[in-house]
1. What about residue 263, is it assigned to a helix (DSSP H, G or I) and either free of Cβ contacts under 8 Å to residues at least 12 places away in the same chain or farther than 28 Å from residue 195 by Cβ (or both)?
2. Say we look at the range 264-296 and pick out the residues that are among the hydroxyl-bearing types (Ser, Thr, Tyr), under 15 Å from the mean Cα position of the chain (by Cα) and open to solvent by 10 Å² or more (accessible area, probe 1.4 Å); which of these is nearest to the ligand (Cβ to nearest atom)?
3. Pairs needed: first member in the range 215-244, on the phi < 0 side of the Ramachandran plot and in contact (Cβ under 8 Å) with a residue 12 or more places away in the chain; second member anywhere, open to solvent by 50 Å² or more (accessible area, probe 1.4 Å) and assigned to a helix (DSSP H, G or I); C-beta distance under 7 Å; at least 6 residues apart or different chains.
4. Residue check, residue 187 against (1) under 20 Å from residue 249 (Cα atoms); (2) free of Cβ contacts under 8 Å to residues at least 12 places away in the same chain; (3) crowded, with 17+ Cβ neighbours inside 10 Å, all met but one. Which one?
5. What are the pairs with Cβ atoms under 9 angstrom where one residue, in the range 194-209, is open to solvent by 80 Å² or more (accessible area, probe 1.4 Å) and the other, located anywhere, is within 11 Å of the ligand (Cβ to nearest atom) and outside any strand (DSSP E or B)? Sequence gap at least six, or different chains.
6. If you scan the range 119-131, which residues turn out to be more than 16 Å from the ligand (Cβ to nearest atom), touching a Ser or Thr at 6+ places or on another chain (Cβ under 6 Å) and not polar (S, T, N, Q)?
7. For a quick check of your reading of the model, give me the residue pairs whose first member lies in the range 110-122 and is in contact (Cβ under 8 Å) with a residue 60 or more places away in the chain, whose second is away from the ligand (no atom under 14 Å from the Cβ) and part of a strand (DSSP E or B), with beta-carbon atoms closer than 7 Å and at least 6 apart or on different chains.
8. So, of the residues in the range 102-117 that are among the aliphatic types (A, V, I, L, M) and away from the ligand (no atom under 15 Å from the Cβ), which turns out to be most open to solvent (accessible area, probe 1.4 Å)?
Amino acid sequence: MAVSRKQFLQLLAGFGLATVAGCAKSDERVKVGFIVKQPEEPWFQNEWKFAQQAADKYGFELIKIGATDGDKVLAAIDNLATRGAGGFVICAPNPRLGTAIQQRAKANDLKVMSVDDRLIGSNDQPIEAIPHVGISATKIGALAGETIAAEAKRRGWNLAEVGLLRISFDSLQTARDRTMGAQEALIKAGLRPENVYDATQRTSDTEGGFNAASPVLTRQANVRHWAIVGMNDETVLGGVRAAEGLGMKADAVIACGIGGSGTAEAEFAKTDATGFVATILLSPRQHGYDTAEAMYRWIKEGVAPAPLTYTSGQVMNRDNWQALKAREDA
Ligand code: GLA
């Protein structure tokens, strides 16, 4: 049978693919993807670090991908499929990508679970079919608010005269719940609702917090004492830096972050205390190790993860941060 050049090339290509597929098949190691929205943020670095510990323990391959926008997320999912992954854990750059992520995972026969930020479906509700691990946001926010109230009391501040800077990112449910939880706790402790000032951030990093806070603080020049809350340590630190830039130092500001990763540690390690008095330490181990482990078991043993898990947090400050970190890393 005569074979044309084109047919010959097609045969060759087909043979090549079969060989590659054969190789992929013979590599029996389970592969788990771990996609995060902000790979440079210490929190996500920590999640990856603990996920890698799970991979080392169980002998699966962890494929870490940073995806900062929707196109990158979809490309990452395709890439995971090409590399033979069985599923992935994701903290998406926008929860509204939920439906697209779910469809893309399905088309590629990949299992998916979310971490940190819960994915939203086309009906504007969380996608319940995607297992999720997140923080108990309202409670953790309340703990941040109570921590600030306790420090205000210690300083002898009258909470009725304190301004609350709520650096907000309300399109993200967990961010809204965190800061509203803090706000409610402070109002319960005596802060006046009319003294709450929202500052909307565009990005959830320190620069985003700084840019949101600066104009609001500038406008309220008559407020002498500030409480500052936000969705994470970076945001709150941005607010503290903005206050410092306007001449308000540690004695004029009580800020409490949420996270407890490198950003807060660096602040607590400084010789002189700043307005960033505390943070609520979360568990990157549970968010990184436990999710990667759960995905591995789902792929390997067919055991689906718990549909919904909420993790807790504890107060971390200049006095206890080193002891708490040692415990987390142990
Ligand atoms: C969100 C925030 C992160 C971190 C996690 C914790 O994703 O953007 O900074 O706080 O939640 O769940």
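1. The answer is no for residue 263.
2. By that ranking, first place goes to 283.
3. 225/161; 238/207; 238/210; 241/210; 242/210
4. Result: residue 187 fails condition (1) only.
5. That search, which allows pairs on different chains as well, returns 200/169; 202/169; 202/208; 207/234.
6. Selection gives 121 alone.
7. 110/87; 110/88; 111/87
8. Looking at residues that are among the aliphatic types (A, V, I, L, M) and away from the ligand (no atom under 15 Å from the Cβ), I get 107.
The values are calculated or read from the model by the stated rules, or taken from the named source; none is laboratory data. Here the structure is a predicted model, which means the values were calculated and not measured. Glycine gets a Cβ as well: all are built from the backbone with ideal geometry, and neighbour counts include every protein chain shown. Each accessible area value is taken on the protein alone, full model and side chains, heavy atoms only, with ligands, DNA and RNA left out. Shrake-Rupley method; radii C 1.70, N 1.55, O 1.52, S 1.80 Å.
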